[in-house]
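First up is the structure itself, then whatever we jot down about it.
Readers should treat all values here as calculations from the given coordinates under stated rules, not as data from a laboratory. The structure presented is a predicted model; accordingly, all values stated were derived computationally and were not measured. Cβ: placed from backbone, ideal geometry, glycine included. Neighbour counts: every protein chain shown.
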Amino acid sequence: MKDYEVQPGDTLSAIAAREYGDSSLHPVISRQNHLANPNLIDVGQELSIPYVTYRHLFTTTDSTAIRNQLTEHYYGTSGIQLIWEIVNGVAQREIQRGAWLQIPDLADVGHHTVVADETAIGLAASWYGDEHLAAVIELANELMRLRETDLPGRPEWRFAIETLVSLLAPSAPHRGEEMWEQLGMPYSVHTQPWPTWEDSLTIDEVVELVVQVNGKPRDHLSVPNGSDQETVERLALALPKVTANLGGREPKKIIYVANRLINIVG
């Protein structure tokens, strides 16, 4: 994230084109700054420019010198072009004139602001050349969310981190080995058993039910997995939105689909 002061003649599209190499990404800036009308920005206005992977239009003939220039432009130094070459799949093949290249921003490593129509599968295919790594992206982001809970330091947290590194290692062998060593694990991550699927770990302890009144969704209710109908009925009937929609009427019929929904007809 960086701060930017609007200059005379600026538009959000022009700022997006300059910052990201793609003017169509202007909604990212608009949403970040809560602009009611993205067509109205004032000279001197302070905007927060969120991180989005830079895009670069390749307009010349490919050469080692051109690649060094491109690397120096984005990173201030040469010799580290593998950072963007691997992302774009051009480490060992020619870059075609007119190709769009994705350039990771090392000032904010590991973060990507999702824009319209992006999916974890698409990002995995784009960044790693393997859409199956979408599961790794999802796991990493879930761990980031859980980092603020009491889970870090517990055996479950350690298990999740080791699993993440094991899944990443085949596609990033050197980095995976480094991370495995940082965890204090024995050499090598590539000789470890592949993580196994455990059905018991896929069962949610708590499920969220849709609460309907006369067939229309009115609220949601979180209950322990497998809760009996009597317990769910009692909790659902106590919900303010349910009592308001019943208007004092007694339920005529209650339909309960375990772990999915409860429909109160009244």
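Of the peptides 215-226, 165-176, the ranking by mean beta-carbon count within 10 Å, highest at the top, reads 165-176, 215-226. Considering only VAL210, VAL136, VAL43, the mean-square fluctuation computed in a Gaussian network model of the chain, springs between alpha carbons under 10 angstrom, is largest for VAL210. So for the pair GLU156, VAL257, with labels modelled 7 Å out along Cα→Cβ, what separation do we get in nm? Result for the modelled spin labels: 2.8 nm.
Arrange GLU250, GLU156 by Cβ neighbour counts within 10 Å, fewest through most, would you? Please report the intermediate quantities before stating the final value.
Values: GLU250 7, GLU156 12.
Going from least to most buried by this count: GLU250, GLU156.
Spin-label model, GLN45/GLN7: points 7 Å from Cα along the beta carbon direction are separated by 1.8 nm.
Divide, for the stretch 1-47, the radius of gyration over alpha carbons by 2.2 N^0.38 Å, where N is the residue count.
On the way: Rg = 9.5 Å, N = 47, 2.2 N^0.38 = 9.5 Å.
This ratio for the stretch 1-47 stands at 1.00.
With springs connecting C-alpha atoms under 10 Å apart, model the chain as a Gaussian network and identify which of ILE254, ILE41, ILE29 has the largest mean-square fluctuation. With Cα springs under 10 Å in the chain, the top fluctuation among ILE254, ILE41, ILE29 is at ILE254.
Which shape class applies to the stretch 206-265: rounded if a/c is under 1.5, otherwise prolate when a/b exceeds b/c and oblate if not, where a ≥ b ≥ c are the square roots of the Cα gyration tensor eigenvalues? Prolate shape, in that a/c is at least 1.5 and a/b is the bigger ratio. Label separation (SER171 vs GLU118): 1.5 nm, computed from points 7 Å beyond Cα along the C-beta direction.
Taking ALA140, ALA244, ALA120 in turn, the Gaussian network model of the chain (Cα-Cα springs below 10 Å) assigns the largest fluctuation to ALA244. Take every pair of alpha-carbon atoms less than 8 Å apart whose residues are at least six positions apart; their mean separation over the length of the chain yields a relative contact order of 10 percent. Over the stretch 167-266, all Cα pairs binned in 10 Å intervals from 0 give whole-percent P(r) values of 14, 31, 14, 11, 15, 13, 3, listed from short to long. For the pair ARG55 and ARG147, a Förster radius of 35 Å applied to the C-beta separation gives a FRET efficiency near 0.75, rounded to the nearest 0.05. Exposure proxy shown here: for TRP84, TRP157, TRP197, the number of other Cβ atoms within 10 Å sets the order, fewest to most, as TRP197, TRP157, TRP84. Principal semi-axes of the equivalent ellipsoid, √(5λ) from the alpha carbon gyration tensor of the chain, are 46, 31, 16 Å from largest down. Placing unit charges on each Cβ (+1 for Lys and Arg, -1 for Asp and Glu) gives the chain a dipole about its Cα centre, and among GLN81, PRO217, ALA14 the Cα reaching farthest toward its positive end belongs to PRO217. Counting only DSSP H runs of at least 4 residues, each contributing -39500 (n - 2.57), and dividing by the residue count of the chain, the helix-based mean residue ellipticity at 222 nm comes to -10500 deg cm²/dmol. The stretch 120-197 has equivalent-ellipsoid semi-axes of 20, 18, 10 Å, by the square roots of 5 times the alpha carbon gyration tensor eigenvalues, sorted largest first. With R₀ set to 25 Å, the beta-carbon distance separating GLN69 from GLN32 gives a calculated FRET efficiency near 0.20. Could you calculate the FRET efficiency of VAL206 with LEU183 from 1/(1 + (r/R0)^6), where r is the beta carbon distance between them and R0 is 30 Å, rounded to 0.05? That pair, VAL206 with LEU183, gives E of 0.50.
Excluding ASP42 itself, calculate the net charge of residues whose Cβ lies under 11 Å from the Cβ of ASP42, where each Lys or Arg counts +1 and each Asp or Glu counts -1.
-3
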